[in-house]
Each structure stands twice: as C-alpha cells, then as structure tokens.
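**Student:** Before we start, here is the structure in question, set down as structure tokens.
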Amino acid sequence: MKQEEYKPVILVAEDDDSNIKLIKAIIGRKTEVLWAQNGQVAVELYKENQDKIEAILMDIKMPEMNGLEATREIRTFSTEVPIIMQTAYAFDTDRQNALDVGANEVLVKPIMSSVLKKCLTGFLPKLTW
C-alpha cells in the first residue's frame, strides 16, 4: 500500500494575478494553495481554516487590508503558524516592519523558486521537493 504524500495547506495572500500564478507554479504540486486576494480575506480564511493551514505567504502591499495589518491581526489569535512576508521593496525598514508585526521571514520579489522552497522547508521539514 502506497504511503500518502504529505501535502501541507499554504494560505497565499496575494493581489497580483501573475504573482499567484508564479507561486502556484513553484509550490502547487506539493502543497494545497488557498488564495486570498487581500489581507482581509486572508484573515477570514485563516480563521476558518486554522486547523488545516500550516504556513502563510503574505504579500505586504495589498488592497483592503495590507499584509502588515493582516499579520498583526492573525497574531492576536495565532502565534504558531509561520508567516512568510513577500515584498517588492528590499528596504531594511520594510523587513523590520514585517518582523515587528510577527512575520517569521521576509522574502523579496521576484521570488526565486529555490529561495521559496528552502524557506518553506525550513518551517515545514516534512515537505520534500
């Protein structure tokens, strides 16, 4: 009997269609991706699925509620889930702001496949590529 493959659920908060397509192309075969188009939806999806979601990829700049606000909100009721922020801006202040609200890691866009996979594996050691 074949052992069931580990396929973690990753919440991806991203408002740009091309970026979500890229992320799904990188991680979609080995993970189940839940997509939130803004921070408010990300918070709601996490509240509804926190027993299943094993990590969050959170864009910083989004409409409705940005990633910093969404991360701050999620951290009020969940301190365990790894939150990996993504930003197009490589300024030290952006990285520090993300870490200050509770992000575990900050990646700079465009996200390279190898960097994203290594980061996710660091938080989800059972995930193999």
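**Student:** Just to confirm a number: summing +1 for Lys and Arg and -1 for Asp and Glu over residues other than LYS117 whose beta-carbon lies under 14 angstrom from that of LYS117, what do you get?
**Tutor:** Spelling it out: positives minus negatives among the neighbours equals +4.
**Student:** Expressed in nm to one decimal, what extension gain is obtained for the pair GLU64 and THR128 from 0.36 nm per residue of sequence separation less their Cα-Cα distance?
**Tutor:** Once the chain is fully extended between GLU64 and THR128, it gains 19.6 nm.
**Student:** If you don't mind, there's one more thing I want to ask. Is there a quick way to get the dipole size of the chain? I mean about its Cα centre, with the Cβ of Lys and Arg at +1 and of Asp and Glu at -1; what is the value in debye to the nearest 20?
**Tutor:** So the magnitude is around 620 debye.
**Student:** Next question. Within segment 1-44, name every residue whose backbone N is under 17 Å away from a label modeled 7 Å from Cα of GLU80 along the Cβ vector.
**Tutor:** What the label zone holds, given the 17 Å backbone N cut-off, is 8-11.
**Student:** What is the Å³ per residue value for the convex hull set by the Cα atoms of segment 45-120?
**Tutor:** Normalising the Cα hull of segment 45-120 by residue number yields 92 Å³.
**Student:** Cα axis of helix 113-123 to longest principal axis of the chain: angle in degrees, 0 to 90, nearest 10?
**Tutor:** 80
**Student:** Helix 17-27 sits at what angle to the longest principal axis of the chain, using alpha carbons and giving 0 to 90 degrees rounded to 10?
**Tutor:** Between the helix axis and the principal axis of the chain, the angle is about 40 degrees.
**Student:** Angle, helix 39-49 long axis vs. longest principal axis of the chain, Cα atoms, 0 to 90°, nearest 10?
**Tutor:** The angle comes out near 40 degrees.
**Student:** First select every other residue whose beta carbon is under 11 angstrom from the beta carbon of ILE10; then total the charges, Lys and Arg +1, Asp and Glu -1.
**Tutor:** +2
**Student:** Sticking with this structure for a sec: Looking only at ASP16, ASP92, ASP59, which one moves most when the chain is put into a Gaussian network model with springs between Cα atoms under 10 Å?
**Tutor:** Of the options given, ASP92 has the highest mean-square fluctuation.
**Student:** Hey, another quick one. According to a simple spin-label model (label point 7 Å from Cα along Cα-to-Cβ), what is the distance in nm between GLU5 and ALA90?
**Tutor:** Label-label distance for ALA90 and GLU5, simple model: 3.4 nm.
**Student:** First measure r as the distance between the Cβ atoms of LYS118 and LYS47, then evaluate 1/(1 + (r/R0)^6) with R0 = 30 Å and state the FRET efficiency to the nearest 0.05.
**Tutor:** 0.55
**Student:** Percent relative contact order of the chain, based on C-alpha pairs within less than 8 angstrom and at least six residues apart?
**Tutor:** Taking the mean separation of contacting Cα pairs over the length of the chain, I get 23 percent.
**Student:** In Å and from the alpha-carbon atoms only, list the Rg and Dmax of the chain.
**Tutor:** 13.8, 51
Read the figures in this text as sums done on the coordinates, not as results from a lab. Since this is a predicted model, take the numbers as computed values, not measurements. Positions of Cβ are backbone-derived with ideal geometry, glycine not excepted, and every protein chain shown enters the neighbour counts.
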